[in-house]
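**Student:** So that we are looking at the same thing, I have put the structure below in structure tokens.
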Amino acid sequence: MDFHEIRLPTNLSYGMSGGARYRHTAVESASGHEQVFQEWDLAQRSWTIQMEYWDYDRFQELQNFWHGRAGGSIGFRFREWMDCSVGMKFGPNGLELLAPKQFATGNGAAKIFQLSKTYGDSAAMRVRPITKPVAGKVRIWVAGVEKLTGWTCDVATGIVTFTAAPANGATIAWAGEFDTPVRFVGERMDVSEAAMMAGAWQGIEIREILPDDL
């Protein structure tokens, strides 16, 4: 789908609720036993922003952004504050380095790699492609040494390209920030005038755009 490389202003996303979900089918037999079938390999995220008694200027900012994306027709970047980084932690001055996380291994020939984030535990791991890293916020390590040059990152795709292929068996790791690609759900603004020069727009839903749909 069409996508604009623009982020929903972060002051408009405070107070959101939502998160990741998987889809499965549960089949119950006559004896009460259940079989559960996983349908999605990747989680999909969605959120709801409750806009109640927003002042005129803030309402206009969101309204303009919504029209700029033609409602749900065009995707955009979204900052999910609880999941917006890899290898980072929140400190007194915001996000700071914790430890880079491996996302690939060199084979001596490949120069192109997709950024990703791994979730899970010792029983199962889920790898999420990171397609919208934040410009200027990606750091790369090869074989435990930070690479200050010799690579580029396409912030529209999350593709990292090296000038020279990392050696066979070399760990490739990264740390940095990312946005989630999303779109508005629905075709209509459901707005009420909550007070003089203040508006309310209930249940503004946004949904993650999965990598294969970008």
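**Student:** Could you list, in sequence order, the residues of region 202-214 that are within 21 Å of Gly18 (Cβ to Cβ) and modelled with pLDDT of 75 or more? Let's see the steps before the verdict.
**Tutor:** As a first pass, look at region 202-214 and keep what is within 21 Å of Gly18 (Cβ to Cβ): 202-211, 213-214.
If the condition is that a residue be within 21 Å of Gly18 (Cβ to Cβ) and modelled with pLDDT of 75 or more, then Gly203, Ile204, Glu205, Ile206, Arg207, Glu208, Ile209, Leu210, Pro211, Asp213, Leu214 are the ones that fit.
**Student:** Quick one: in region 10-31, of everything that is of a type in the set (Gly, Ala, Ser) and touching a strand residue (DSSP E or B) at 6+ places or on another chain (Cβ under 9 Å), which residue is farthest from Leu42 (Cα to Cα)?
**Tutor:** Keep residues of region 10-31 that are of a type in the set (Gly, Ala, Ser), which gives 13, 15, 17-20, 26, 29-31.
Filter again for touching a strand residue (DSSP E or B) at 6+ places or on another chain (Cβ under 9 Å), leaving 13, 15, 17-20, 26, 29.
Working: Ser13: 24, Gly15: 25, Ser17: 20, Gly18: 16, Gly19: 13, Ala20: 9, Ala26: 18, Ser29: 28 Å.
Ranking the qualifying residues of region 10-31, first place goes to Ser29.
This table checks each residue for (1) farther than 30 Å from Trp201 by Cα; (2) surrounded by 11 or more Cβ atoms within 10 Å (Cβ to Cβ).
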| residue | (1), (2) |
| --- | --- |
| Gln38 | yes, no |
| Glu61 | no, yes |
| Ile74 | no, yes |
| Phe90 | yes, yes |
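**Student:** I've got another one for you. Among the candidates Trp66, Trp47, Trp81, which residue alone is of a type in the set (Phe, Trp, Tyr), in contact (Cβ under 8 Å) with a residue 60 or more places away in the chain and in a strand (DSSP E or B)?
**Tutor:** Answer to the selection: Trp47.
To keep it simple, each residue is scored yes or no on (1) assigned by TED's automatic domain parsing to the domain that holds Glu208; (2) hydroxyl-bearing (Ser, Thr, Tyr); (3) surrounded by 16 or more Cβ atoms within 10 Å (Cβ to Cβ).
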| residue | (1), (2), (3) |
| --- | --- |
| Gln102 | no, no, no |
| Gly108 | no, no, no |
| Leu115 | no, no, yes |
| Asp121 | no, no, no |
| Lys132 | no, no, yes |
| Thr161 | no, yes, no |
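**Student:** Right, something else. Among the listed residues Ala70, Ala135, Ala109, identify the single one that is over 23 Å from Asn11 (Cα atoms), at pLDDT 95 or above and either within 17 Å of the chain's Cα centre (by Cα) or of a type outside the set (Asp, Glu) (or both). Break it down stepwise before answering.
**Tutor:** Values: Ala70 fails: over 23 Å from Asn11 (Cα atoms); Ala135 fails: over 23 Å from Asn11 (Cα atoms).
Of Ala70, Ala135, Ala109, the one residue that is over 23 Å from Asn11 (Cα atoms), at pLDDT 95 or above and either within 17 Å of the chain's Cα centre (by Cα) or of a type outside the set (Asp, Glu) (or both) is Ala109.
**Student:** Return the residues of region 3-36 that are assigned to a loop (DSSP other than H, G, I, E, B), of a type outside the set (A, V, I, L, M, F, W, C) and exposed (fewer than 10 other Cβ atoms within 10 Å of the Cβ); say none if nothing qualifies.
**Tutor:** Selection gives Tyr14, Ser29, Ser31, Gly32, His33.
The values are calculated or read from the model by the stated rules, or taken from the named source; none is laboratory data. Just so we're clear, the structure is a prediction, and the values are computed from it rather than from any experiment. All Cβ positions, glycine included, derive from the backbone under ideal geometry; neighbour counts span all protein chains shown.
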